């Protein structure tokens, strides 16, 4: 599955975040910051090279039910998740 990171906003309030281009030591902070900037109804489509299970636990603790998570793709080397702010 390919995507175009040159377009920051897709139809319907979906914003793209490709973690593969962010230095590992900055990733979690960048992800938390990006998700905190979203408003209700907006979605961040997240691209990563591995399944970020520890990060998902941290996000669940921090955002609780305000953030919904849906896997778009869960293939080795290509993980795509949609994080949607619901309230």
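For residue 47, which of the numbered conditions (1) free of Cβ contacts under 8 Å to residues at least 40 places away in the same chain; (2) crowded, with 18+ Cβ neighbours inside 10 Å; (3) in contact with a helix residue (DSSP H, G or I) (Cβ under 8 Å, 6 or more places away or on another chain) fails to hold?
Every listed condition holds for residue 47 apart from (1).
Which one is farthest from residue 62 (Cα to Cα), of the residues in segment 19-31 that are touching a helix residue (DSSP H, G or I) at 6+ places or on another chain (Cβ under 8 Å) and either surrounded by 15 or more Cβ atoms within 10 Å (Cβ to Cβ) or modelled with pLDDT under 95 (or both)?
Only one residue fits best here, namely 22.
Can you spot a residue in segment 51-63 that is without any contact (Cβ under 8 Å) to a residue 60 or more places away in the chain, surrounded by fewer than 12 Cβ atoms within 10 Å (Cβ to Cβ) and under 17 Å from residue 16 (Cβ atoms)?
no
The values are calculated or read from the model by the stated rules, or taken from the named source; none is laboratory data. Small disclaimer: the values here were computed from a predicted structure and weren't measured. So basically every Cβ, Gly included, is an ideal-geometry build from the backbone, and we count neighbours across all protein chains shown.
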